[in-house]
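The values are calculated or read from the model by the stated rules, or taken from the named source; none is laboratory data. Predicted, not measured: the structure shown is a model, and the values here were computed from it. Note: ideal-geometry Cβ built from the backbone for every residue, glycine included; neighbour counts use all protein chains shown. Areas reflect the complete protein model, heavy atoms only, side chains present, ligands, DNA and RNA absent. Shrake-Rupley method; radii C 1.70, N 1.55, O 1.52, S 1.80 Å.
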Amino acid sequence: MTETDDYIDTDVQELTDLGELLVASIISDEPIEAVQAIIDSGAPLWYQNDAEGMSALHAAAYMQNTELVKMLIAQGAIWNAVDNLKNTAGDISLSYNDLATYTIIRDAGIRSELLLSLLSSKATIENPSTLVLKEADSSAMGSTDAFLSSKLTYVKDEYDQDICLLKVGNEEVGVMMGWEQDIMEKTVQALCVDHPIAEDLKVLNIGFGLGIIDTLFQSLPTRPSRHVIIEPHPDVLQYMKDRGWYEKPGVTVLEGKWQDYLHSDIILNIGGFDVVYTDTFSEDYGDLHQFFEQLPDLLAGPASRISFFNGLGATNALFYDVYTHISELHLCDVGIDIEWTDVDVSVELNKDRWGNSRNYFSLPFPRDTLSSGTGIVVAVNDMSMQSTVTPLLQTPVPAAALTSTGLAFDEEAKLVYGVILSLRNVVKKISGRDEQFVNYRTSAYKLHVYETVSGYKFVMLSDPTVESLRSVLREIYIKPFLEYVVRNPLVKMDSREYGVDNEYFRTSIDRLVRGQPAFS
């Protein structure tokens, strides 16, 4: 090892120690002045510890310290860093229903992405998108050219769901899946049903996939007078030919990418479209932004409406929110007013609708959009849906739901929490800070506790003879809790009847517990 290597190792260790100290000081709820002093001494705000991938911003979000989060963001903390469980600091704030802190982190993301996009466009970089929602990828998932040379297959899964399937290595990816039907139905209804010229619509759709939305356009009481479909993939085009799309009256199929056609005579001679929809694959937000910029030339007039499948960062609530706001700003730049509507697809088919394919939308409410040049905006989803409760929101329960002890849930929870808090404090006073309270046993039951670094406490009661269930409680945390609670910003976490009021969460726990050897 050279002298230079020794210096590098020393520098790395010094930064690591400072980073650890910074995270520990925040988790220990040290004053902001003390945290600032550690930063001033050289502690890196980008540092994430090995055990959990926790950064200073993650720690501040765990502590729900809004002022500290604001300070860290102002000094350059990375807003979109993910920990070992793929959670951003914004996700953590959502899990606490800490809207003030979440908004600071989200707005930092919006500012950052808008600035980087602007700088990229000034530098004439081909792709202005900078937020990495997936790793750089030259496969068919991340490259349009690779996608267009890939093989697509059309299949039905065990639920009789139609799927346009792409094979990437050993992984199956749904290019389009049948569960999207509900989104498309509501989109077409809003785009077309009460349109001022519904009897003579000119429609443009980009990306055929399974043909769900194009079939719905053709099923309108009055079919579009012109219906243009732009589709580049040869397997999809063959699928369209086999089903007679090339012979349908009023339908024009353009074989190629939308970038090849928007300024062509065949499009320009139509004189603009009344309805425009786009849903492409393997393109990122940079491509969608470029499409937005073409809309003034594509729309026929002030009554025209556009919509798109909003899958922007749709496996992460924070990324999704950031890009939803950015797209709204970019649409406003071209003179289009926009309104978002949440379309509930959480009950479509069932929670196993992905089968063996990659999950490309893990949020409960895909946010679709419908826009018009005049500000006349039609909601995609009528609000009557809100009168029926969906599993990922909240489930009606009796006003005085009782537990097996005869106590109301919130009363029993207070008693259990009081016992745990008291015993934990006793353990710490007797044994020191390094000891943990993990369970206690009486002649009638055994209480097991698992506490996360963020302060969540998971408790389970069992027969007194059962061995430790900490591993089961940890599995509840990293699987159903993160999946159905942390990543669902709309879930109600303080129900007096159920605590976390989420049917999928409770069902998943029930299935997990019943599968344990100790359960009988």
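Please count how many residues of the range 183-222 are part of a helix (DSSP H, G or I), of a type in the set (Ser, Thr, Tyr) and open to solvent by 10 Å² or more (accessible area, probe 1.4 Å). First the steps, then the outcome.
To start, the set of residues in the range 183-222 that are part of a helix (DSSP H, G or I) comprises 183-193, 198-200, 212-218.
When the remaining residues are screened for being of a type in the set (Ser, Thr, Tyr), the result is 187, 215.
Going one step further and asking which of them are open to solvent by 10 Å² or more (accessible area, probe 1.4 Å), we end up with 215.
Number of matching residues: 1.
Return the pairs, sorted by first residue and then second, in which the second residue is open to solvent by 60 Å² or more (accessible area, probe 1.4 Å) and modelled with pLDDT under 80, the first residue lies in the range 156-179 and is at positive phi, the beta carbons are less than 8 Å apart, and the residues are 6+ apart or on different chains. If the second residue must be open to solvent by 60 Å² or more (accessible area, probe 1.4 Å) and modelled with pLDDT under 80, no pairs are left.
For the range 252-269, a residue qualifies if it is of a type in the set (A, V, I, L, M, F, W, C) and open to solvent by 20 Å² or more (accessible area, probe 1.4 Å), and the qualifying residues are 253, 266, 268.
Could you tell me whether the range 33-54 includes any residue that is within 18 Å of residue 318 (Cβ to Cβ), free of Cβ contacts under 8 Å to residues at least 40 places away in the same chain and open to solvent by less than 10 Å² (accessible area, probe 1.4 Å)? Yes: one or more hits. If you filter the range 74-113 down to residues that are under 24 Å from residue 505 (Cα atoms) and among the charged types (D, E, K, R), you find that the one that is surrounded by the most Cβ atoms within 10 Å (Cβ to Cβ) is 91. Scanning the range 149-182 for residues that are crowded, with 17+ Cβ neighbours inside 10 Å, more than 23 Å from the chain's Cα centre (by Cα) and more than 23 Å from residue 219 (Cβ to Cβ) returns 150, 152, 157. If the condition is being assigned to a loop (DSSP other than H, G, I, E, B) and more than 16 Å from the chain's Cα centre (by Cα), then the range 74-96 contributes 75, 76, 77, 78, 84, 96.
Each residue in the range 97-106 was checked for being outside any loop (DSSP other than H, G, I, E, B) and of a type outside the set (Val, Ile, Thr), and 4 of them qualify. Filtered by the rule that a residue be over 24 Å from residue 90 (Cβ atoms), at pLDDT below 85 and buried (at least 17 other Cβ atoms within 10 Å of the Cβ), the range 476-520 gives 497, 498, 503, 506. Scanning the range 224-251 for residues being closer than 15 Å to residue 276 by Cα and either of a type in the set (D, E, K, R) or open to solvent by less than 40 Å² (accessible area, probe 1.4 Å) (or both) gives a total of 8. When the range 163-182 is filtered for residues that are out of contact with any helix residue (DSSP H, G or I) (no Cβ under 9 Å at 6 or more places or on another chain) and part of a helix (DSSP H, G or I), the ones remaining, listed by number, are 179, 182.
Would you mind stating whether residue 109 is small (Gly, Ala, Ser) and in a helix (DSSP H, G or I)?
Numbers: small (Gly, Ala, Ser): yes; in a helix (DSSP H, G or I): yes.
For residue 109, the condition - small (Gly, Ala, Ser) and in a helix (DSSP H, G or I) - is met.
Of all residues in the range 147-162, those that are more than 14 Å from residue 209 (Cβ to Cβ), at pLDDT 85 or above and either assigned to a strand (DSSP E or B) or among the aromatic types (Phe, Trp, Tyr) (or both) total 1. For the range 228-330, the helices (runs of 4 or more DSSP H) that sit wholly inside it and include 3 or more residues that are within 30 Å of the chain's Cα centre (by Cα) are 285-298.
Examine the range 313-332 for a residue that is without any contact (Cβ under 8 Å) to a residue 12 or more places away in the chain and surrounded by fewer than 23 Cβ atoms within 10 Å (Cβ to Cβ), and state whether such a residue exists. Write out each step before concluding.
First, the residues of the range 313-332 that are without any contact (Cβ under 8 Å) to a residue 12 or more places away in the chain: 332.
Still in the list and also surrounded by fewer than 23 Cβ atoms within 10 Å (Cβ to Cβ): 332.
Yes, some residue in the range 313-332 is without any contact (Cβ under 8 Å) to a residue 12 or more places away in the chain and surrounded by fewer than 23 Cβ atoms within 10 Å (Cβ to Cβ).
Filtered by the rule that a residue be outside any loop (DSSP other than H, G, I, E, B) and either surrounded by fewer than 21 Cβ atoms within 10 Å (Cβ to Cβ) or within 23 Å of the chain's Cα centre (by Cα) (or both), the range 57-73 gives 57, 58, 59, 60, 61, 62, 66, 67, 69, 70, 71, 73.
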